[in-house]
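Structure, as structure tokens:
The values are calculated or read from the model by the stated rules, or taken from the named source; none is laboratory data. This one's a predicted model, so the numbers in the text were calculated from it and none came from an experiment. Cβ atoms come from the backbone with ideal geometry, glycine included; neighbour counts cover every protein chain shown. When the accessible area is computed, the model is the full protein with side chains, heavy atoms only, and any ligands, DNA or RNA have been set aside. Shrake-Rupley method; radii C 1.70, N 1.55, O 1.52, S 1.80 Å.
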Amino acid sequence: MISVVIPIYNSESFLASCIESVLQQTHKDLELILVDDGSTDNSGKICDDYAGHDHRIQVIHQPNHGRSEARAQGVLKATGEWVAFVDSDDCLPQDALEHLFIAADNDTDIVLGNGSSLGFLPCPKTMEMEEFRHLAVRGEGTIGVPWGSLYRRKLLTMTTATQQMDSLPWVFDVPRHIINGEDYLFWLRLVFLTEKPVHIVEQSVYNKGDEHTSSTFRWTADYCYELNELRRLSIPAEERSKYLADTVSDRLVNMLSVAMWTPKKEWLHSKYYEELLRDMKVVGRELNSKEKLFLALPSRQLRRLYSTISRKIRK
């Protein structure tokens, strides 16, 4: 059985469509766990109404604790061997779970959906965990978002010896104020919990709605510094040097976002930027000409204009 977990917060306008897309799956052996994370609109009532008409649905009502904890509580309630996540403003194609389940067997703990986002031609059906980890640390394609994939439930419920007794499972144990990058940390921790190869489904298995958090979030050097500390601690100490070049690639992307939205005086001598430059030297990575020009521009307005023009040229 597949347990589908939907974290929900004030989603009344699109929640019914999301729930219907799960209930209408061609793969019928499923349970649906709706986690109402302190909604103040009619989302909780919609959940209860659906649960009253379909025995496969369970509802959890809880105070607002954020999306990561909502997913965690859903997983702890789940009984299926496999778990899939759906955000409440998204939908599944009708055959999504069927495609994912066909690719699941005893030889894997993770089935990655939307494999075409990885850019491989042709897309591999299986990838050894060592290779996949490098992609995960860099946040390639849809690696970095929990939706659109299938996970063995026991992987999602693991805790570590260093966690406090009342902690959430390791992959979800992220500070509440980390609202952008928490999904990346979920994957980063996940891939070091198993050595089994990843099975990859090339077909599109997820219909993403409008993105809200990432489009309105404003990166700062302090936020990125804390996120990078969580990133570092998520990789086993003995493995960190092996993946340093990969972390540099992702950290540079974050740094460019910081430069886009904050004044240069706030990041030029920050711990985050200085550590990034230091680690770039260690791995032999230099800023290319476009990155140098972008960071050298004197104001964030010019940097945003430069970014807009660059995107139009690439199109």
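Quick notes
- Selection from the stretch 108-166 of residues that are assigned to a loop (DSSP other than H, G, I, E, B) and under 16 Å from the mean Cα position of the chain (by Cα): Gly113, Asn114, Gly139, Glu140, Gly141, Thr142, Ile143, Gly144, Val145, Pro146, Trp147, Gly148
- The listed residue being under 30 Å from Phe192 (Cβ atoms), outside any helix (DSSP H, G or I) and not aromatic (Phe, Trp, Tyr), out of Leu276, Leu287: Leu287
- Filter result (open to solvent by less than 70 Å² (accessible area, probe 1.4 Å) and assigned to a helix (DSSP H, G or I)) within the stretch 216-236: Ala221, Tyr223, Cys224, Tyr225, Glu226, Leu227, Asn228, Glu229, Leu230, Arg231, Ser234
- Considering the stretch 165-181, the residues that are in contact with a helix residue (DSSP H, G or I) (Cβ under 8 Å, 6 or more places away or on another chain) and among the aliphatic types (A, V, I, L, M) include one that is most open to solvent (accessible area, probe 1.4 Å), namely Ile179.
- Residues being at pLDDT 95 or above and either out of contact with any helix residue (DSSP H, G or I) (no Cβ under 9 Å at 6 or more places or on another chain) or open to solvent by 20 Å² or more (accessible area, probe 1.4 Å) (or both) - total across the stretch 93-123: 14
- Among (1) part of a helix (DSSP H, G or I); (2) within 29 Å of Asp36 (Cα to Cα); (3) among the small types (Gly, Ala, Ser); (4) in contact with an Asp or Glu (Cβ under 7 Å, 6 or more places away or on another chain), the one test that Gly80 misses: (1)
- Filter result (in contact (Cβ under 8 Å) with a residue 60 or more places away in the chain and open to solvent by less than 50 Å² (accessible area, probe 1.4 Å)) within the stretch 18-34: Cys18, Ser21, Val22, Gln25, His27, Leu30
- Filtered by the rule that a residue be in a helix (DSSP H, G or I) and more than 18 Å from Val75 (Cα to Cα), the stretch 86-99 gives Ala96, Glu98, His99.
Residue by residue, here is whether (1) open to solvent by 70 Å² or more (accessible area, probe 1.4 Å); (2) of a type outside the set (Ser, Thr, Tyr) holds:
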residue: Ser249; (1), (2): no, no
residue: Leu252; (1), (2): no, yes
residue: Ala259; (1), (2): no, yes
residue: Trp267; (1), (2): no, yes
residue: Val282; (1), (2): yes, yes
residue: Glu286; (1), (2): yes, yes
residue: Ser307; (1), (2): no, no
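- When Thr162, Thr126 are checked against the criterion of being at pLDDT below 95 and either open to solvent by 70 Å² or more (accessible area, probe 1.4 Å) or farther than 22 Å from Leu244 by Cβ (or both), Thr162 stands alone in meeting it.
- The stretch 64-113, residues that are out of contact with any Lys or Arg (no Cβ under 7 Å at 6 or more places or on another chain) and charged (D, E, K, R): Arg67, Glu69, Arg71, Lys77, Asp87, Asp89, Asp95, Glu98, Asp105
- Selection within the stretch 290-308 - of a type in the set (A, V, I, L, M) and assigned to a helix (DSSP H, G or I): Leu293, Leu295, Ala296, Leu302, Leu305
- For the criterion of being open to solvent by less than 20 Å² (accessible area, probe 1.4 Å) and either hydrophobic (A, V, I, L, M, F, W, C) or in a helix (DSSP H, G or I) (or both), Leu244 fails.
Condition check ((1) touching a residue at least 24 places away in the same chain (Cβ under 8 Å); (2) on the phi < 0 side of the Ramachandran plot) across all residues:
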| position | (1), (2) |
| --- | --- |
| Ile2 | yes, yes |
| Asp36 | yes, yes |
| Ser43 | yes, yes |
| Ala51 | no, yes |
| Gly66 | yes, no |
| Ala72 | yes, yes |
